[in-house]
Structures are given as structure tokens and as C-alpha cells.
Amino acid sequence: MTIAALDIGNYRAKLALVSKDGEIISRSHFFTGDLLENDQPVLDRLRDMKANGCVVGCVVPELEDELAKTLSSWKPLFVSGNTKNELIVEYDPLESLGADRLAGAVGAYREYGKILNRGIMLVDSGTTVTTDLISSKGAFLGGAIYPGDEMAMNSLAQYTKRLPKMPFKRTRTVLGSSTRECMLIGVQATIIGAIENLYHRYGRIHGENPFIVLTGASASWIASNLDIPNMVDPDLVLLGLSAIWSYNRE
């Protein structure tokens, strides 16, 4: 039994073939913008995979509608906030919870929370950064959403007259000697500071600091800058999608 899991973010999309034991057998990457123009490459790759089932987590509504037609013969499960899963989800309204956040939380709980018997703080960093708390008992308790590195850089340029538009890149200094360097330091410190602040606040609320797991495009640079123990796992959303498919087929 194999499952094709398709995770579509605002910028990138990932398609993986997942075994019944939760192992990633193969994976492909696409740009979301390209799929908006032509989703045939996804269909071609799915045919090559010969999966027994298909599950989709998509945060781009117009692409989700198109994929529903393209993948109709596969009878895919499109995950949303109110899709049945093994977590106790405390969120209102349920349908406003992104498929990526739900799938990531399921993946984090299965891969780490159950094994460690400990609360998990999941940090998913892409266009935005989300931090979500999953209890050791499997309750999704909610979290926070704030701008990712590129969004923050673009906002600085967009809402000011003189700050330049420039891409984000990691910096090791904390005292900028140019405007560009100051912008990079500010964005980096904002993201790292938010994660560490929430980590300690969650710990005070629940009496035990959670275990941090990071996923998403910016996970590596964020992890290396945190002063608290953490783990990077790039496959959590894909594994969570696969687990949700299996849960709904039991």
C-alpha cells in the first residue's frame, strides 16, 4: 500500500510517494506558480508513482479547484481543517485551519509527540512562519502566525519610501553597519525572537517546555540560530497528509 501525498504551499509544492509504514519512497518538487498555469506535470508524476491512494493539502484555493478536476480519477482526499484525524483540534472555526498546519501537526505528533510523550512546538517556515503547540495527549492547541523572511523583507520595502527591496539572506552579525545589513538583522532577530519567546511562554503555561520541531523552506537557518534544543524534519507535512489519508480509510 502506497499513498501519493501532495503538499501545495504558496510558493512551492511537494509530491511524495509514502509507504504504509510512513517512509518516503520518492519525491518531486514543483513551483506553485507553474502549476497554476499547467497542472499536467503533477498528473504525469502521479501516473508514474502507481500509488494506491492520493491525498492533497493545498493553501491555494484556485489551484485546489483545478486539481479536483485533474485528479478526479484518483478520488483524492483534499484535507482541510475539519478533515477527520487523530488529533483533538481546538480551533474556531475548524475550516479556517490550513491543511498544511493540520497535516504538520499530525506528522509532528506521530513522529515525535507519541514517542517522546511530550508536548511538541511545531515551527513551519515558508511564506509565513507558524508555531503550533500539540500536547502530549494529542490535542492541537493552536499557535501563532507571523511573516516569513521574504515576506518581512518585502514589507519593509513596500511600506517605506527609502528602504530597498532585496532578498533575505542569513547574517551572522547583530550590529548592522549598512541599511541592508540592518534589515537582514532585524528580520532574522524578529523570527528567532518570536520563536524563543513563544517557546518559553508555552512552557510556563503548560508546566513543561515543549520539544521544538522545525519544517519548511527556512527551517535550517532558523534551527541553527535558536538557543534552544530543536530538530529539523522536512517531511512532516507529507507524512501527516499520508497519516490523515490512512485515518480516513480505516
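We did not get these values from a lab; they are worked out from the coordinates using the rules stated. If you're wondering where the values come from, they're calculated on a predicted model, not measured in any experiment. Quick reminder, even Gly has a Cβ in these numbers, built from the backbone with ideal geometry, and neighbours come from all protein chains shown.
A few comments on the model shown:
- For Lys84, the lysines whose Cα falls under 19 Å of its own Cα, not counting residues fewer than eight places away in the same chain, are Lys20, Lys75, Lys114, Lys137.
- Across the chain, the mean sequence separation of Cα contacts (distance under 8 Å, 6 or more residues apart), normalised by length, yields a relative contact order of 20 percent.
- The overall shape of the range 1-78 is prolate: from the C-alpha gyration tensor, with semi-axes ordered a ≥ b ≥ c, the ratio a/c is 1.5 or greater and a/b exceeds b/c.
- Gain upon complete extension [Ser72, Ile145; 0.36 nm per residue less C-alpha separation]: 23.0 nm
- Extension gain for Glu62 to Ile205 (0.36 nm times residue separation, less C-alpha to C-alpha distance): 47.6 nm.
- The magnitude of the dipole of the range 84-250, with charges of +1 and -1 set on the Cβ of Lys/Arg and Asp/Glu and taken from the Cα centre, is near 500 debye.
- Tilt relative to the chain, helix 40-49 - C-alpha long axis, 0 to 90 degrees, to 10: 60 degrees
- For the range 219-235, backbone phi angles converted through the Karplus equation (6.51, -1.76, 1.60; θ = phi - 60°) give residue-by-residue couplings of 4, 5, 5, 5, 4, 6, 9, 6, 9, 10, x, 7, 9, 9, 9, x, 9 Hz, Gly and Pro being listed as x.
- Karplus-derived 3J(HN,Hα), 6.51/-1.76/1.60, for each residue of the range 101-106, Hz, glycine and proline x: 5, 5, 5, x, 5, 4
- Amide proton proximity set for Gly216, modelled H, under 5 Å, gap of 5+: Ser125
- Ellipsoid semi-axes for the range 84-250, based on the Cα gyration tensor and the rule √(5λ), read 31, 17, 13 Å when sorted largest first.
- FRET efficiency, Tyr11 to Thr160 (Cβ-Cβ, R0 25 Å, nearest 0.05): 0.60
- Fully extended contour minus Cα-Cα distance, from Glu37 to Asn117, at 0.36 nm per residue: 24.4 nm
- Gaussian network model of the chain, springs between alpha carbon atoms under 10 Å - residue of Val129, Val60, Val174 with greatest fluctuation: Val174
- Remark: the range 89-97, residue by residue, has Karplus-estimated 3J(HN,Hα) of 9, 9, 7, 9, x, 4, 5, 7, 6 Hz, where x stands for each Gly or Pro and the curve is 6.51 cos²θ - 1.76 cosθ + 1.60 at θ = phi - 60°.
- Alpha-carbon centroid distance for the pair the range 89-104 / the range 16-80, whole angstrom: 20 Å
- Of all DSSP bridge pairs formed entirely within the range 84-250, close to 50 percent run antiparallel.
- Placing pseudo-labels 7 Å out from each Cα toward the beta carbon at Asn248 and Ser224 gives an inter-label distance of 3.8 nm.
- Normalised contact order of the range 79-195, rounded percent, pairs of Cα under 8 Å and 6 or more residues apart: 17 percent
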